[in-house]
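Please read the structure below before turning to the comments.
Quick note: the coordinates plus some simple rules give every number you see, no bench work behind them. Small disclaimer: the values here were computed from a predicted structure and weren't measured. Backbone-built Cβ (ideal geometry, glycine too); neighbour counts: all protein chains shown.
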């Protein structure tokens, strides 16, 4: 530790008090490795300010001392975006204490809450007043509002409600110089110049630190029906989605696809699950249809009629319709257990990709075949949000592979190949997980040069000294062979 | 004309050919005054490139010669954002020739078109394939897609479908150095770093010049019902909106309020209109409820039942329900004729303002009273998009006032007063029309200093020489007393 770092830490301790700053290795440790276990870093200290004013004062202090800052919410990101590097020079800044939820405005259907508010807590708060925050994902028990905004998180309800960006009405953030961008005003329409909150949403803490937000709520779900269908191809799944939307309109809120192998893996891994269908199908589809109070009464009738008609029309091969909440939960459990069931099968490289929605079935077929042909023994699976043109494309190492060695060589080659193909199909190498440190170099390699230059211009303008989450998303200057 | 300007014009003529460049005063004239007639400027020439590549080459040429650029679409903006200043040093850059519409992707419900595409043409193109572009406004016969994106335009369908920003999936724009930001890929989900298109949307041509876009379409309207209701107060209108949304869900697409005086002005001005209701009501409300094919069959029944119940519950005082398209059109005609009927009554200052939705009724009451008390003879009216918390607040000069003198003195005082009040009520001085040159100084006076500093940082980063639409929205350095 340098004497300058000592001076900084003493000043930070004065500012934040004993509850707000620690260097205790036991307390730091859980926050220094990302939840997928791919990255581990070191830090000067863990700061946990208790107010926006404390965040602002701390960021000013960091600016004075040239101390880099790594903001962190629930530490459940997928790309190492909240994990510091190994230099140990950065301050880890937790927003978790900023978890206050203001009284919900039920009239305007809006809620203002701190960046540290946990997603599941927000769900409960909205439900308590007959409303709903319509974004959910596997990490809801740890993911925070600030992290969800900073990564523009997606999840299983994007089809109807959009990603996090679509749900943010107002934002408060601390900028690199410690000034506070304060735009929590929940105006539905506001064209006073550049929409600055849009610049901060999805910027992964590299342009500012989100401290609070005003979010959009929707009416509570009064009734839901889950359909599980078996199909012979992913092309048929896409056709089924369009037909469902034609028949059931905006009520189709989730449309998840899974290959037979993923379903089999879950059934083998989780004794609490059982096969929804008796026949063998190459693809399985989970469809969630919901209604608020205005459409609840006849939802089940409408779904049953529609599914019957679609079956008659040959659009699906077999299906079950949930008879109640217990069965709906049981069907969702199969979908949600895929990541864990797969993890139990050994090393895998994962890709969160999108291509234009109508091309996704052909892309998956082509990419699965190419990966399995070029890398014998590797099994490729794609599952997820077909309605958004977004799947999680995983390649599982051959049985008995050594994890680290396989990741370093074959895993990397597979990722490069998949990313190359995604770009050729006009897609994105990060549909919903962001860039972080995991995909920074791939973005540099494959990103549009004009876009990368623009990102750097904005980064330099808002964080000229590069102190906000350095090494994540985009660097101040190009790295690698082009530097 | 300086010799440097001569050199520039010769090079531009070479680049664009005779169809692409003119200095003929008769051809220039219609484009040098904004449509509200508030601003008139001069220009070096009118350039009309025929392709994105030509726009890019022209912008590079301007950068080399230090020639400012004023981009222009249909010249139907409300704030003088597309009118050059009086120096005559800027090039007027029309995007109108970039009006190609690519074959519509009906599967993914997307359309890619040039910036010069006229809104009404886009409506027709979507309708021809059974789809709809769900944004409309009075200037639809001249407003272009590029202008709508650059101003993040609103209109009468924002309640359900959002402003232009919510409809843009992909964007192409030429940046200040002539490079082309090319992101027309219509991905539903893409988290590859900062969402750069969001920076360009609503930036009024000060950060880049929009040349093309990929836009979201929705299913065609299969059935619509228009309701015209009379109410004793604006507070009751707000309560009626919430009740309608509870009963009719997402089908409520328009909710427009008008004071009795505006309706009376239309009836006097337009002999083709007649009063929808027989009684006298302080406020009138137009509600549009639509359904696509999935909900068309029982829409009328549902609306009639709901309105009957709301009447029984005392939520409205009187109402008519349109019996067909002709009557629906007739009711909309009253709402749409307000601006023209008002113009016929003499000089007026207009304010496009928003406050938090639930506070709008009280705001209107307070502001009307204050303006009419402090400025005897002035009549204040507010009408428009109550559901978005956005009204057009107009103050009409006393009968017989001299326009220019009244604008310069009383009109200006009224505008200052209204804008001050809007800020006190946590609102916006520009809800949907943008800033342009009309509100630039008011934004400077009333805007949040941190937001203004951020805008300038972004402006300097993307347009360091200030050549893109200078004098609009935000200047490179602070102006006025704070300079």
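Table for the structure above
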read-out	value
Stokes-Einstein D (µm²/s) once Rh is taken as the Kirkwood radius of the range B:223-339 over alpha-carbon pairs, at 10 °C in 1.306 mPa s	111
Pairwise FRET efficiency - residue A:344 versus residue B:424, Cβ, R0 = 60 Å, nearest 0.05	0.50
Stokes-Einstein translational diffusion, the range B:109-152 - Kirkwood Rh over all Cα pairs, 1.002 mPa s, 20 °C, in µm²/s	203
Percent breakdown of C-alpha pair distances by 10 Å bin, ordered from the shortest bin, for the range A:326-483	9, 33, 33, 19, 5, 0
Label distances, nm, residue A:220 versus same residue in remaining copies, Cβ-directed 7 Å point	4.0
Computed FRET value (nearest 0.05) for residue B:233 with residue B:409, which takes r as the C-beta separation and R₀ as 30 Å	0.35
Taking all pairs of distinct alpha-carbon atoms in the range B:123-198, Kirkwood radius in angstrom	14.0
Unit Cα scatterers, Debye sum, chain A: log10 I(q)/I(0) for q = 0.06, 0.11, 0.12 Å⁻¹	-0.28, -0.97, -1.13
The range B:268-407 shape via C-alpha gyration tensor axes, a/c threshold 1.5	prolate
Exam field: residue A:298 pseudo-label spacings to other copies (7 Å along Cα-Cβ), nanometres	0.2
Between 0 and 90°, nearest 10: helix B:234-248 axis offset from chain B longest Cα axis	90
Euclidean distance of C-alpha centroids, the range A:365-413 and the range A:242-285, integer Å	21
Between the range A:11-59 and the range B:309-360, the Cα center-to-center distance that results, in Å	55
Between 0 and 90°, nearest 10: helix B:412-424 axis offset from chain B longest Cα axis	70
Over the range A:390-481: Rg over Rh, Cα atoms, Kirkwood Rh	1.03
Alpha carbon convex hull of the protein assembly as shown, volume per residue in cubic angstrom	181
Cα gyration tensor shape for the range B:133-266, rounded if a/c is under 1.5, else prolate or oblate	prolate
Projected area averaged over orientations for the range B:1-133, convex hull of C-alpha atoms, nm²	9.1
Peptide A:286-293, shielding by other chains (average Cβ, 10 Å cutoff)	1
Coarse-grained scattering of the range B:59-172 at q = 0.10 Å⁻¹, given as base-10 log I(q)/I(0) from a Debye sum over alpha-carbon atoms	-0.33
Antiparallel DSSP beta bridges within the range A:33-125, percent to nearest 5	35
Calculated FRET efficiency for the pair residue B:477/residue A:100, C-beta based, R₀ 35 Å, to 0.05	0.35
For a label point 7 Å along the Cα-to-beta-carbon line of residue B:301, residues of the range B:217-246 with backbone N under 18 Å	B:222-225
Inter-copy label distances at residue B:19 (7 Å, Cα→Cβ; nm, one decimal)	7.1
Relative contact order of chain B, defined on C-alpha pairs under 8 angstrom at six or more residues apart (%)	15
Intensity falloff of the range A:440-482 expressed as log10 I(q)/I(0), Debye formula with alpha-carbon point scatterers, at q = 0.16, 0.31, 0.34 Å⁻¹	-0.36, -1.23, -1.36
DSSP beta bridge pairing in chain B, given as percent antiparallel to the nearest 5	90
Computed [θ] at 222 nm, deg cm²/dmol, chain A (DSSP H ≥ 4; -39,500 (n - 2.57); rounded to nearest 500)	-10000 deg cm²/dmol
Average beta-carbon neighbours from other chains, 10 Å sphere, peptide A:456-469	2
Rounded tilt (10° steps) of B:299-312 against the dominant C-alpha axis of chain B	60
